[in-house]
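Everything below concerns the one structure shown next.
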Amino acid sequence: KYFFSLFLLSFCLTANSKEIRIVSPNGNLEAIINTQPNLTFDIFNEGELIVSNVEIGMNIKDYGLLHKNLHFINASYSAVNEKITPVFSYKNKQIPNNYQQVILDFEENLSIEFRLFNNGLAYRFVLNFNDNILIKDELLNFTVNKKGSVFAKSSNDFFSGNESTFDYYPNNILPKHLLI
């Protein structure tokens, strides 16, 4: 009886756990998603925390900010490994599309899709409301590990050409006078 009770307690704690893990196809990146109390996630590269406490949410008129105390229903996992052939090829005739995905469903007419690629993470909100809605704002707060670094286009103006040179900056010495 003791072992059965311990097993049952362990199962209940795991079933109520709001932590979801996803790993990139090559195994180098890992995201740990938490649904309680707030919707947050952390990203690890080869076991080292690189971005922490990424808080996300969607602010919808008449519904408020959906990010706290959401009622988690289900997580469904899938993997994609395909090649996309663009209508107009620019640099490549085919583009690899390889990622691990988890879709989180919530009672609040909300799902969130997380896609973890070998070189980054993408997420999107999928809303299922019967009426038209007005999205007022989106919440995104995060902390970058001080050991990390970024490639950024530094500029003194708001021109955003994507063919510009991107410079390397350690996180602890990002220039404050440039637009990054």
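A compact table of results
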item	result
Strands (runs of 3 or more DSSP E) wholly inside segment 30-113 containing at least 1 residues that are of a type outside the set (D, E, K, R) and in contact with a Pro (Cβ under 9 Å, 6 or more places away or on another chain)	72-84, 95-106
Residues within segment 50-68 that are within 30 Å of N130 (Cβ to Cβ) and either aromatic (F, W, Y) or out of contact with any Ser or Thr (no Cβ under 9 Å at 6 or more places or on another chain) (or both), tallied	11
Selected residue [open to solvent by 30 Å² or more (accessible area, probe 1.4 Å) and among the β-branched types (V, I, T)] from I50, I22, I33	I50
Pick from segment 128-152, criterion modelled with pLDDT of 70 or more, in a loop (DSSP other than H, G, I, E, B) and touching a strand residue (DSSP E or B) at 6+ places or on another chain (Cβ under 9 Å), ranking: most open to solvent (accessible area, probe 1.4 Å)	K147
Matching option when the condition is over 30 Å from P170 (Cα atoms) and free of Cβ contacts under 8 Å to residues at least 12 places away in the same chain, among S76, S89	S89
Of all residues in segment 106-125 being loosely packed, with under 14 Cβ neighbours inside 10 Å and at pLDDT below 95, the one that is nearest to I60 (Cα to Cα)	E107
Residue in segment 6-18 that is over 15 Å from the mean Cα position of the chain (by Cα) and at pLDDT 90 or above present	no
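The values are calculated or read from the model by the stated rules, or taken from the named source; none is laboratory data. Note that the coordinates shown come from a computational prediction; the quantities given were computed from them, not determined experimentally. Virtual Cβ from ideal backbone geometry, glycine too; neighbours counted across all protein chains shown. SASA here: full protein model, heavy atoms, side chains in, ligands and nucleic acids out. Shrake-Rupley method; radii C 1.70, N 1.55, O 1.52, S 1.80 Å.
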